[in-house]
Amino acid sequence: MGTLDGRVAIVTGAGRGIGGSVAKLFAAEGATVVVNDIGASLSGLESEGSPADELVREIEAAGGTAVTNGADISDHEAAHDLVESTIERFGKLDILVNVAGILRDRMIFNMSEEEWDAVIRVHLKGHFNTIRPAAAHWRKVGDPNAQNRIINYTSRAGLHGAPGQPNYSAAKMGIVGLTYSCAVALKRYGVTANAISPAAATRMTATFKDASAYSEGADELSPDNIAPIAAYLASEQSGWCNGHVIHARGYEVSLYSDPQPLVTLRSDGPWDLRLMAKEVEAAFRPSTDAAPPNPFV
(Lines give C-alpha, C1' and ligand atoms only; values in the text may rest on other atoms or scores of the structure.)
Protein backbone atom coordinates (compact mmCIF):
# COMPACT_ATOMS: atom_id res chain seq x y z
CA MET A 1 0.00 0.00 0.00
CA GLY A 2 1.37 3.39 -1.01
CA THR A 3 0.67 6.64 0.81
CA LEU A 4 -0.94 8.05 -2.35
CA ASP A 5 -2.92 5.02 -3.54
CA GLY A 6 -5.92 6.02 -5.64
CA ARG A 7 -5.04 9.69 -5.77
CA VAL A 8 -4.71 11.72 -8.98
CA ALA A 9 -1.98 14.31 -9.29
CA ILE A 10 -0.84 16.89 -11.81
CA VAL A 11 2.84 17.83 -11.62
CA THR A 12 3.99 20.68 -13.85
CA GLY A 13 7.58 20.89 -15.03
CA ALA A 14 7.77 17.16 -14.34
CA GLY A 15 9.90 16.01 -17.26
CA ARG A 16 13.13 16.17 -15.27
CA GLY A 17 14.81 17.70 -12.22
CA ILE A 18 12.76 18.28 -9.10
CA GLY A 19 9.44 17.87 -10.90
CA GLY A 20 10.58 14.57 -12.37
CA SER A 21 11.64 13.27 -8.96
CA VAL A 22 8.29 14.30 -7.48
CA ALA A 23 6.36 12.59 -10.28
CA LYS A 24 8.35 9.35 -9.90
CA LEU A 25 7.85 9.16 -6.15
CA PHE A 26 4.15 9.99 -6.44
CA ALA A 27 3.72 7.14 -8.92
CA ALA A 28 5.75 4.76 -6.74
CA GLU A 29 3.42 5.64 -3.85
CA GLY A 30 0.36 4.71 -5.90
CA ALA A 31 -0.79 7.97 -7.45
CA THR A 32 -1.87 8.39 -11.04
CA VAL A 33 0.37 11.18 -12.28
CA VAL A 34 -0.15 13.63 -15.13
CA VAL A 35 3.39 14.53 -16.15
CA ASN A 36 3.23 18.05 -17.57
CA ASP A 37 6.26 19.43 -19.43
CA ILE A 38 6.75 21.28 -22.72
CA GLY A 39 10.36 20.15 -23.06
CA ALA A 40 11.76 23.68 -23.19
CA SER A 41 15.28 24.87 -22.57
CA LEU A 42 16.07 26.59 -19.28
CA SER A 43 15.35 29.98 -20.83
CA GLY A 44 12.13 28.70 -22.35
CA LEU A 45 13.25 29.81 -25.80
CA GLU A 46 14.16 26.46 -27.40
CA SER A 47 12.74 22.94 -27.46
CA GLU A 48 14.79 20.16 -25.89
CA GLY A 49 12.94 16.99 -26.84
CA SER A 50 10.20 15.19 -24.92
CA PRO A 51 11.43 14.49 -21.38
CA ALA A 52 7.85 13.92 -20.19
CA ASP A 53 7.44 10.97 -22.58
CA GLU A 54 10.69 9.46 -21.34
CA LEU A 55 9.67 9.84 -17.72
CA VAL A 56 6.25 8.28 -18.30
CA ARG A 57 7.91 5.26 -19.90
CA GLU A 58 10.20 4.99 -16.87
CA ILE A 59 7.26 5.19 -14.47
CA GLU A 60 5.29 2.59 -16.40
CA ALA A 61 8.29 0.26 -16.54
CA ALA A 62 8.43 0.45 -12.74
CA GLY A 63 4.75 -0.49 -12.49
CA GLY A 64 3.32 2.98 -11.98
CA THR A 65 0.59 4.89 -13.80
CA ALA A 66 1.33 8.13 -15.61
CA VAL A 67 0.33 10.08 -18.69
CA THR A 68 2.03 12.88 -20.59
CA ASN A 69 0.67 16.39 -21.03
CA GLY A 70 2.48 19.05 -23.04
CA ALA A 71 0.41 22.11 -22.09
CA ASP A 72 2.24 25.42 -21.70
CA ILE A 73 1.16 26.47 -18.21
CA SER A 74 1.98 30.11 -18.97
CA ASP A 75 -0.96 30.00 -21.41
CA HIS A 76 -4.21 30.47 -19.45
CA GLU A 77 -6.38 28.37 -21.74
CA ALA A 78 -3.81 25.60 -22.08
CA ALA A 79 -3.46 25.35 -18.29
CA HIS A 80 -7.24 25.29 -17.94
CA ASP A 81 -7.42 22.43 -20.43
CA LEU A 82 -4.69 20.57 -18.51
CA VAL A 83 -6.81 20.58 -15.37
CA GLU A 84 -10.13 19.94 -17.12
CA SER A 85 -8.80 17.07 -19.23
CA THR A 86 -7.33 15.43 -16.13
CA ILE A 87 -10.65 15.60 -14.31
CA GLU A 88 -12.52 14.34 -17.38
CA ARG A 89 -10.14 11.43 -17.90
CA PHE A 90 -9.75 10.27 -14.31
CA GLY A 91 -12.93 11.57 -12.72
CA LYS A 92 -11.20 13.74 -10.14
CA LEU A 93 -8.13 15.73 -9.15
CA ASP A 94 -6.64 15.38 -5.68
CA ILE A 95 -3.21 17.01 -5.96
CA LEU A 96 -1.77 19.92 -7.93
CA VAL A 97 2.00 20.44 -7.83
CA ASN A 98 3.44 23.53 -9.54
CA VAL A 99 7.15 23.15 -10.33
CA ALA A 100 7.54 24.46 -13.89
CA GLY A 101 9.82 27.43 -14.36
CA ILE A 102 12.43 29.19 -16.48
CA LEU A 103 15.34 31.55 -15.90
CA ARG A 104 16.27 34.84 -17.57
CA ASP A 105 18.97 36.08 -15.19
CA ARG A 106 20.18 39.66 -15.32
CA MET A 107 20.98 42.41 -12.85
CA ILE A 108 18.04 44.77 -12.35
CA PHE A 109 19.78 47.65 -14.15
CA ASN A 110 20.34 45.48 -17.25
CA MET A 111 17.08 43.52 -17.33
CA SER A 112 14.75 43.97 -20.28
CA GLU A 113 10.99 44.15 -20.00
CA GLU A 114 10.69 40.92 -21.96
CA GLU A 115 13.05 39.09 -19.57
CA TRP A 116 10.99 40.32 -16.63
CA ASP A 117 7.66 39.41 -18.20
CA ALA A 118 8.75 35.95 -19.36
CA VAL A 119 9.79 34.77 -15.90
CA ILE A 120 6.77 36.29 -14.15
CA ARG A 121 4.51 34.71 -16.77
CA VAL A 122 5.84 31.17 -16.38
CA HIS A 123 6.37 31.13 -12.61
CA LEU A 124 3.76 33.37 -11.02
CA LYS A 125 1.07 33.47 -13.69
CA GLY A 126 1.72 29.79 -14.38
CA HIS A 127 0.81 28.98 -10.78
CA PHE A 128 -2.38 31.04 -11.07
CA ASN A 129 -3.27 29.44 -14.40
CA THR A 130 -3.35 25.91 -12.93
CA ILE A 131 -4.67 26.76 -9.47
CA ARG A 132 -7.62 28.75 -10.76
CA PRO A 133 -9.43 25.87 -12.58
CA ALA A 134 -8.46 23.36 -9.90
CA ALA A 135 -9.89 25.63 -7.20
CA ALA A 136 -13.05 26.19 -9.22
CA HIS A 137 -13.51 22.43 -9.51
CA TRP A 138 -12.99 21.82 -5.80
CA ARG A 139 -15.39 24.66 -4.95
CA LYS A 140 -18.00 23.12 -7.23
CA VAL A 141 -17.60 19.73 -5.55
CA GLY A 142 -17.92 21.55 -2.24
CA ASP A 143 -16.64 18.84 0.11
CA PRO A 144 -15.15 20.41 3.27
CA ASN A 145 -13.77 17.01 4.29
CA ALA A 146 -11.93 16.37 1.04
CA GLN A 147 -8.18 15.91 1.12
CA ASN A 148 -7.18 18.08 -1.82
CA ARG A 149 -3.69 19.53 -2.05
CA ILE A 150 -1.91 22.45 -3.70
CA ILE A 151 1.88 22.27 -3.48
CA ASN A 152 3.68 25.28 -4.91
CA TYR A 153 7.40 25.81 -5.39
CA THR A 154 9.07 28.96 -4.15
CA SER A 155 12.82 29.56 -3.75
CA ARG A 156 15.46 31.01 -1.47
CA ALA A 157 15.81 33.64 -4.20
CA GLY A 158 12.32 34.84 -3.32
CA LEU A 159 12.59 34.39 0.43
CA HIS A 160 15.97 36.12 0.71
CA GLY A 161 16.55 37.94 -2.60
CA ALA A 162 19.07 36.88 -5.26
CA PRO A 163 20.95 39.86 -6.75
CA GLY A 164 21.07 38.61 -10.34
CA GLN A 165 17.51 37.32 -10.37
CA PRO A 166 15.09 40.19 -9.70
CA ASN A 167 12.40 38.67 -11.94
CA TYR A 168 12.77 35.17 -10.48
CA SER A 169 12.95 36.51 -6.91
CA ALA A 170 9.80 38.58 -7.40
CA ALA A 171 7.91 35.66 -8.92
CA LYS A 172 8.96 33.25 -6.19
CA MET A 173 7.97 35.62 -3.38
CA GLY A 174 4.71 36.26 -5.21
CA ILE A 175 4.09 32.51 -5.13
CA VAL A 176 4.37 32.61 -1.34
CA GLY A 177 1.67 35.27 -1.16
CA LEU A 178 -0.49 33.30 -3.56
CA THR A 179 -0.03 30.20 -1.40
CA TYR A 180 -1.08 32.08 1.74
CA SER A 181 -4.18 33.40 -0.03
CA CYS A 182 -5.19 29.95 -1.30
CA ALA A 183 -4.63 28.41 2.13
CA VAL A 184 -7.15 30.81 3.65
CA ALA A 185 -9.65 30.86 0.78
CA LEU A 186 -9.83 27.16 -0.06
CA LYS A 187 -9.73 25.51 3.37
CA ARG A 188 -13.53 25.36 3.44
CA TYR A 189 -13.43 23.19 0.31
CA GLY A 190 -11.09 20.60 1.77
CA VAL A 191 -7.94 22.07 0.21
CA THR A 192 -4.57 22.77 1.80
CA ALA A 193 -1.95 24.96 0.11
CA ASN A 194 1.73 24.94 1.02
CA ALA A 195 4.99 26.00 -0.64
CA ILE A 196 8.30 24.18 -0.80
CA SER A 197 11.60 26.03 -1.11
CA PRO A 198 14.03 23.47 -2.57
CA ALA A 199 17.80 23.33 -2.89
CA ALA A 200 19.10 20.62 -5.21
CA ALA A 201 21.51 20.12 -8.08
CA THR A 202 19.46 20.82 -11.24
CA ARG A 203 19.72 22.61 -14.58
CA MET A 204 18.92 25.86 -12.78
CA THR A 205 21.60 25.62 -10.13
CA ALA A 206 24.18 24.75 -12.78
CA THR A 207 23.86 28.36 -14.00
CA PHE A 208 24.59 29.91 -10.59
CA LYS A 209 27.84 31.70 -9.91
CA ASP A 210 28.32 29.43 -6.87
CA ALA A 211 27.29 26.29 -8.76
CA SER A 212 30.14 24.35 -7.15
CA ALA A 213 28.15 24.39 -3.91
CA TYR A 214 25.57 22.21 -5.65
CA SER A 215 28.00 19.79 -7.27
CA GLU A 216 29.69 18.73 -4.06
CA GLY A 217 27.92 15.86 -2.30
CA ALA A 218 25.94 15.02 -5.42
CA ASP A 219 24.01 12.18 -3.81
CA GLU A 220 22.77 14.37 -0.98
CA LEU A 221 21.83 17.20 -3.34
CA SER A 222 19.94 14.95 -5.75
CA PRO A 223 16.45 16.23 -6.66
CA ASP A 224 15.20 12.87 -5.38
CA ASN A 225 15.77 14.16 -1.85
CA ILE A 226 13.29 17.00 -2.43
CA ALA A 227 10.46 14.62 -3.35
CA PRO A 228 9.61 13.00 0.03
CA ILE A 229 8.31 16.20 1.64
CA ALA A 230 6.16 16.81 -1.44
CA ALA A 231 4.79 13.27 -1.19
CA TYR A 232 3.99 13.80 2.47
CA LEU A 233 2.19 17.09 1.78
CA ALA A 234 0.26 15.34 -1.01
CA SER A 235 -0.95 12.60 1.34
CA GLU A 236 -4.14 12.60 3.36
CA GLN A 237 -2.02 12.54 6.51
CA SER A 238 -0.88 16.15 6.03
CA GLY A 239 -4.27 17.84 6.47
CA TRP A 240 -3.03 19.77 9.50
CA CYS A 241 -0.39 21.61 7.43
CA ASN A 242 -1.84 24.59 5.59
CA GLY A 243 -0.34 27.91 4.55
CA HIS A 244 3.29 27.15 5.33
CA VAL A 245 6.67 27.34 3.61
CA ILE A 246 8.99 24.36 3.98
CA HIS A 247 12.63 24.34 2.92
CA ALA A 248 14.11 21.07 1.67
CA ARG A 249 17.79 20.51 1.03
CA GLY A 250 19.57 17.18 0.93
CA TYR A 251 18.67 15.17 4.00
CA GLU A 252 17.03 18.00 5.92
CA VAL A 253 13.71 19.81 5.90
CA SER A 254 12.97 23.07 7.70
CA LEU A 255 9.77 24.91 8.55
CA TYR A 256 9.99 28.63 7.80
CA SER A 257 8.45 31.03 10.29
CA ASP A 258 5.28 32.77 9.22
CA PRO A 259 5.60 36.57 8.76
CA GLN A 260 4.76 38.44 11.93
CA PRO A 261 5.83 41.69 13.61
CA LEU A 262 9.08 41.43 15.57
CA VAL A 263 8.96 44.80 17.33
CA THR A 264 6.19 47.41 17.52
CA LEU A 265 6.47 51.06 18.49
CA ARG A 266 3.48 53.27 19.22
CA SER A 267 3.11 57.00 19.71
CA ASP A 268 0.33 58.78 21.61
CA GLY A 269 -0.19 61.02 18.59
CA PRO A 270 1.35 61.90 15.23
CA TRP A 271 5.01 60.92 15.17
CA ASP A 272 7.72 63.52 15.40
CA LEU A 273 10.20 62.52 12.70
CA ARG A 274 13.30 62.93 14.84
CA LEU A 275 11.79 61.05 17.78
CA MET A 276 10.66 58.25 15.45
CA ALA A 277 14.13 57.96 13.93
CA LYS A 278 15.67 57.66 17.39
CA GLU A 279 13.19 55.05 18.64
CA VAL A 280 13.21 53.02 15.43
CA GLU A 281 16.99 52.74 15.50
CA ALA A 282 16.98 51.79 19.17
CA ALA A 283 14.20 49.19 18.88
CA PHE A 284 14.43 47.83 15.33
CA ARG A 285 18.13 47.81 14.56
CA PRO A 286 19.13 45.15 17.14
CA SER A 287 16.58 42.76 15.63
CA THR A 288 17.87 43.27 12.10
CA ASP A 289 21.48 42.88 13.22
CA ALA A 290 20.58 39.57 14.87
CA ALA A 291 18.74 38.20 11.82
CA PRO A 292 20.28 35.21 9.98
CA PRO A 293 22.57 36.32 7.14
CA ASN A 294 21.20 36.46 3.62
CA PRO A 295 22.75 33.50 1.74
CA PHE A 296 23.00 35.62 -1.41
CA VAL A 297 24.96 38.50 0.15
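Worth pointing out:
- Whether the stretch 2-155 is rounded, prolate or oblate, judged on the alpha carbon gyration tensor where a/c under 1.5 counts as rounded: oblate
- Accessible surface ranking for Arg274, Arg266, 1.4 angstrom probe, highest first: Arg266, Arg274.
- With every protein chain in place and a 1.4 angstrom probe, the accessible-area ranking of Trp116, Trp240, Trp138, largest first, reads Trp240, Trp116, Trp138.
- Sites Asp258 and Ile87 - FRET efficiency at Förster radius 25 Å, r taken between beta-carbons, to 0.05: 0.20
- Computed from the C-beta positions of Arg274 and Met107, the FRET efficiency with R₀ = 51 Å rounds to 0.90.
- In this Cβ point-charge picture (+1 for Lys and Arg, -1 for Asp and Glu), the chain has a dipole of about 780 debye about its Cα centre.
- Between the stretch 93-170 and the stretch 54-75, the Cα center-to-center distance that results, in Å: 21 Å
- Extension reserve of the Glu236-Arg285 stretch, reckoned as 0.36 nm per residue once the Cα distance is removed: 13.3 nm
- Taking only protein heavy atoms and a 1.4 Å probe, the accessible area of the chain is 53% carbon and sulfur.
- Only Cα pairs under 8 Å and 6+ residues apart enter the sum, and on that basis the relative contact order of the chain stands at 16 percent.
- Förster-model FRET efficiency, 30 Å R0, His76 and Arg139, C-beta, rounded to 0.05: 0.95
- Only lysine pairs 8 or more places apart, or on different chains, with alpha-carbon atoms under 26 angstrom apart are counted in the chain, and they number 12.
- Accessible area (Å², 1.4 Å probe, nearest 10) - Ser21: 10 Å²
- Residue-level accessible surface for His80, protein heavy atoms, 1.4 Å, Å²: 60 Å²
- With Cα atoms, 0 to 90° folded angle of helix 126-141 axis to the chain main axis: 70 degrees
- One chain, two ends: Met1 and Lys187. Fully extended at 0.36 nm per residue, the span grows by 64.2 nm beyond their Cα-Cα distance.
- Crossing angle, helix 51-61 versus the chain [Cα axis fit, 0-90 degrees, rounded to tens]: 60 degrees
- Note on Arg132: accessible area approximately 120 square angstrom, rounded to 10, probe 1.4 Å, nucleic acids and ligands left out.
- Axis of helix 273-289 versus longest Cα principal axis of the chain: the two differ by about 50°, to the nearest ten degrees.
- Ranked by the mean number of other Cβ atoms within 10 Å per residue, highest first, peptides 103-113, 28-38 order as 28-38, 103-113.
- Theoretical ellipticity at 222 nm over the chain - DSSP helices of four or more residues, -39500 (n - 2.57) apiece, nearest 500: -12000 deg cm²/dmol
The values are calculated or read from the model by the stated rules, or taken from the named source; none is laboratory data. Just so we're clear, the structure is a prediction, and the values are computed from it rather than from any experiment. Using ideal geometry, Cβ is built from the backbone for each residue, glycine included, and neighbour counts are taken over all protein chains shown. Quick note on the areas: whole protein, heavy atoms, side chains included, nothing else; ligands and nucleic acids left out. Shrake-Rupley method; radii C 1.70, N 1.55, O 1.52, S 1.80 Å.
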